[in-house]
Each structure stands twice: as C-alpha cells, then as structure tokens.
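**Student:** Handing you this structure, nothing more for now.
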Amino acid sequence: MNAAHRPTSDDVARLAGVSRATVSYVLNEAPHQSIPDATRQRVLAAAEELDYTPHAAARTLRAGESRLALFINAGTPYGANLSAIVDTLSAEAAASGRSLVIWQQHDPGDLAATLAHLQPAVAITLGRLNDGQKDLLARARIPGIENDSGQDPDTADPGAALQIRYLASRGHRQLGYLTTADPKLGIFAGPRLAGARSACAELGLDLPVVAELAAPPGLPVDDLSAVLAAWTSRPDPVTAVACYNDEYAVACMAAAARAGLSVPGDLAVIGMDDEAVSGYTQPALTTIRLHVTDFARHLWARASTLLDGGPAPEHAPSMLYSLVQRQSA
C-alpha cells in the first residue's frame, strides 16, 4: 500500500473479505452483534497487517463517549512541579482507560482550533481561563475542572505565609520580599505576596519591603545587589528575604555575595517550590515544598466525578505545603 495512503475500514474489509459494517462491529466491540470467531480473527489480522487505527473522532461519535481528557495549561510556567502534575494526571487517566492530551496556551484563541480536532470528555485547567474560553467549553458541552491557582491576586497563598512564619520563628522581625515583574506570573505572584503580607500582619510584624524584578535569567544581579545593600543598611535593617520562587532565591544569594553579605549570617534567604537546584546551592537553600502529586490526584478525583458519577471528593486546599529546612535561613 502507498505509504502516503492512510488505511481505511474499506481497506480492512477488502483484505478480510467482509463488509465494512462487520469491520466496524469487530473493531468497536459492538455488544449486540454476533460475529463468528473466525471472522473476528480475520478482521483483527487484517487491521494489524494494514496498521489500521480507527479515527478517534469517528469512534467517539459511534461510541457516544470520548476517552480523552484535556489538560489546559493556561499560564503555569514549566518546571519540576508542573511536570509532576502532568505525570500524575497522565497516570490517573491511563488507569481509568483514558488518555490525557495537553494544551499549552500561547494565544488564548488557539483553544478553538484545538477543540475543532478533539472532543474531550472533560477539561482540567491549571491557571486562569478568560471568559471567551469558558464560553467555548460550555458551547462545546465539555465539563471543566478549574484549580485554585487562577485565584484572585489578593487571596493569601498559604505557602508564602509559611515562609514568613518560619523566618519569624528564627527571630527575624524586618523582612524583605523579592517578587517577579513578569505579568504572565501575576496569578501566582499576587497571592504569594498577599500571603506574605497577611502573615506579617497576623504576627504583628511590619509589612515586608518589596522589590519587583525581572524573572531569571533576565534578572540583573547588580540591580538586586544594590537593593539588598539598601535594605540591610537601613536604621531598621532587613535581616531575611522571602522569595517568590527558588530561582529568585538563588539569584538573591548570588546578589548577597556580590554585596558582601553572608547568607545566613547577614541575611537569611528562603525560597519556594523546592526545585532540584535548591539542595545544591552554597549554603543549601531553605525553601517550601509544594505537594503537587496529592494536588493532581485531587484534581483527577474531581474530574472522575464528572466522568463516571459517584460522590465528589472531599474539599482539599488548592495546594499542600511543607517546610524544607536547610542552611540558608
């Protein structure tokens, strides 16, 4: 057969010497059709010889059910945490006999083109969909699960609050907070800064002084070094810095060294996310670990409720956090 020609059910029927309807009954395991075993084996052998795979959209129309779950990444940056979420969702989908398809947002309008070629049974969103995207899913009758990372920017992130509580427990009273100026990360940066401020207020501390800088690797270390020098030379000097994530924390440690500040002697530093690099810095970075596997399993449990029925899982926080105590703080 011509390599450019994708085999069809007609090709399978001709090779097996049966009708196209018989091919459809065999390959789709039609429950109410009695097909002799010898005929069934001829159809399966012909399909294997031709390397024939039924078209997914057509199979969905015939079966009345899609086996696809769509994972929509609407702005979450790639890293170890996102990889763990995707791996967990993929494993959960496979265990239920489904496949996970990943859509990474570049232009919000691209979702319409994607849905023109797919008919997923459910959509799981990480990040924040705009109103047009939500309407598109509704018109396509695709039920959706949204996580809480696309939260209001004033919602306090508990991981950032844990950063502040730990620093306060070590005796630090004047704190700095290093965050990102990248607008694409605003849905995460806003709640993290809100969490830091909320924890300071609860503990009776002054609100942290804040520096908003470009994301690494575009973050200029000299600029950050000047910020740290200014913070630590105040009449009420900053003695500890909580950072938006581990990349910012590593940059903060490099900038502290350039400013002649020792970590943690002159300045304690704490990160967020527990990326792999955090255990290899000098000193090793104290940080906050996000338990993303449990989070992803909870997302899938919510999706399973829509797919298969049954009781909804108990409410769980958007993310679980724990302190990873190392030497930088």
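The values are calculated or read from the model by the stated rules, or taken from the named source; none is laboratory data. Here the structure is a predicted model, which means the values were calculated and not measured. Using ideal geometry, Cβ is built from the backbone for each residue, glycine included, and neighbour counts are taken over all protein chains shown. The accessibility values were calculated without ligands, DNA or RNA, using every heavy atom of the protein model including side chains. Shrake-Rupley method; radii C 1.70, N 1.55, O 1.52, S 1.80 Å.
**Student:** Scan the helices (runs of 4 or more DSSP H) fully inside segment 1-89 and keep the ones with 2 or more residues being open to solvent by 30 Å² or more (accessible area, probe 1.4 Å), at pLDDT 80 or above and not hydroxyl-bearing (Ser, Thr, Tyr). Can you show your working first?
**Tutor:** Values: elements: 9-16, 20-27, 37-50, 56-63.
The qualifying helices (runs of 4 or more DSSP H) are 9-16, 20-27, 37-50.
**Student:** While we're looking at this one, here's another question. Residue by residue through segment 246-282, note down the ones that are of a type in the set (A, V, I, L, M, F, W, C) and open to solvent by 10 Å² or more (accessible area, probe 1.4 Å).
**Tutor:** Val250, Ala251, Met253, Ala254, Ala257, Ala259, Leu261, Val263, Ala276, Val277
**Student:** Of all residues in segment 191-221, which are in a strand (DSSP E or B), out of contact with any Asp or Glu (no Cβ under 8 Å at 6 or more places or on another chain) and open to solvent by less than 50 Å² (accessible area, probe 1.4 Å)?
**Tutor:** Let us first name the residues in segment 191-221 that are in a strand (DSSP E or B), namely 209-213.
Within this subset, residues satisfying the condition of being out of contact with any Asp or Glu (no Cβ under 8 Å at 6 or more places or on another chain) are 209-212.
Within segment 191-221, Val209, Ala211 meet the criteria.
**Student:** At pLDDT below 90 and either in contact with a His (Cβ under 9 Å, 6 or more places away or on another chain) or not in a helix (DSSP H, G or I) (or both) - does that describe any residue in segment 266-276?
**Tutor:** No, segment 266-276 contains no residue that is at pLDDT below 90 and either in contact with a His (Cβ under 9 Å, 6 or more places away or on another chain) or not in a helix (DSSP H, G or I) (or both).
**Student:** Next question, about the same structure. Inspect all residues belonging to segment 262-277 and state whether any of them is among the charged types (D, E, K, R) and farther than 25 Å from Ala181 by Cβ.
**Tutor:** Scanning segment 262-277, I find at least one residue that is among the charged types (D, E, K, R) and farther than 25 Å from Ala181 by Cβ, so the answer is yes.
**Student:** Given the structure, is Ala312 out of contact with any His (no Cβ under 7 Å at 6 or more places or on another chain) and not in a loop (DSSP other than H, G, I, E, B)?
**Tutor:** Taking the combined requirement at face value, the residue does not satisfy it.
**Student:** Checking Cys243 against (1) open to solvent by 40 Å² or more (accessible area, probe 1.4 Å); (2) within 16 Å of Ala329 (Cβ to Cβ); (3) in contact (Cβ under 8 Å) with a residue 60 or more places away in the chain: exactly one of these is not met. Which one?
**Tutor:** It is condition (1) that Cys243 fails.
**Student:** For the condition in contact with a Phe, Trp or Tyr (Cβ under 6 Å, 6 or more places away or on another chain), hydrophobic (A, V, I, L, M, F, W, C) and within 25 Å of Pro216 (Cα to Cα), what is the one hit in Leu185, Leu126, Leu178?
**Tutor:** Only one candidate qualifies: Leu178.
**Student:** When you go through Gly159, Gly97 one by one, which is the residue that is modelled with pLDDT of 80 or more and either assigned to a loop (DSSP other than H, G, I, E, B) or surrounded by fewer than 19 Cβ atoms within 10 Å (Cβ to Cβ) (or both)?
**Tutor:** Gly97
**Student:** Taking segment 180-239 as the region of interest, how many residues are among the polar types (S, T, N, Q), touching a Ser or Thr at 6+ places or on another chain (Cβ under 9 Å) and touching a residue at least 40 places away in the same chain (Cβ under 8 Å)? Steps first, answer last, please.
**Tutor:** Here is the first cut: in segment 180-239, the ones among the polar types (S, T, N, Q) are 180, 198, 225, 232-233, 239.
Adding the requirement that they be touching a Ser or Thr at 6+ places or on another chain (Cβ under 9 Å) leaves 232, 239.
Now narrow it down to the ones that are touching a residue at least 40 places away in the same chain (Cβ under 8 Å): 239.
Selection size over segment 180-239: 1.
**Student:** Scan segment 288-305 and give yes if some residue there is acidic (Asp, Glu), within 23 Å of Ser169 (Cα to Cα) and either assigned to a helix (DSSP H, G or I) or open to solvent by 40 Å² or more (accessible area, probe 1.4 Å) (or both), otherwise no. Explain how you work it out, then say what you get.
**Tutor:** First, pick out the residues of segment 288-305 that are acidic (Asp, Glu): 294.
Going one step further and asking which of them are within 23 Å of Ser169 (Cα to Cα), we end up with none.
Scanning segment 288-305, I find no residue that is acidic (Asp, Glu), within 23 Å of Ser169 (Cα to Cα) and either assigned to a helix (DSSP H, G or I) or open to solvent by 40 Å² or more (accessible area, probe 1.4 Å) (or both), so the answer is no.
**Student:** Search segment 282-299 for residues that are of a type in the set (S, T, N, Q) and pair each with any residue that is open to solvent by less than 10 Å² (accessible area, probe 1.4 Å) when their beta-carbon atoms are under 6 Å apart and the residues are at least 6 apart or on different chains.
**Tutor:** What qualifies is Thr286/Ile270; Thr286/Ser328; Thr287/Asp246; Thr287/Gly271; Thr287/Ser278.
**Student:** Additional query: Could you count how many residues in segment 98-119 are touching a helix residue (DSSP H, G or I) at 6+ places or on another chain (Cβ under 7 Å) and of a type in the set (Asp, Glu)?
**Tutor:** Qualifying residue count for the region: 0.
**Student:** Taking the condition of a type in the set (D, E, K, R) and more than 30 Å from Ala121 (Cβ to Cβ), does Asp266 pass?
**Tutor:** The answer is yes for Asp266.
**Student:** Go through the residues of segment 225-237 one by one and say whether even a single one is buried (at least 22 other Cβ atoms within 10 Å of the Cβ) and either under 30 Å from Asp131 (Cβ atoms) or modelled with pLDDT under 95 (or both).
**Tutor:** Scanning segment 225-237, I find no residue that is buried (at least 22 other Cβ atoms within 10 Å of the Cβ) and either under 30 Å from Asp131 (Cβ atoms) or modelled with pLDDT under 95 (or both), so the answer is no.
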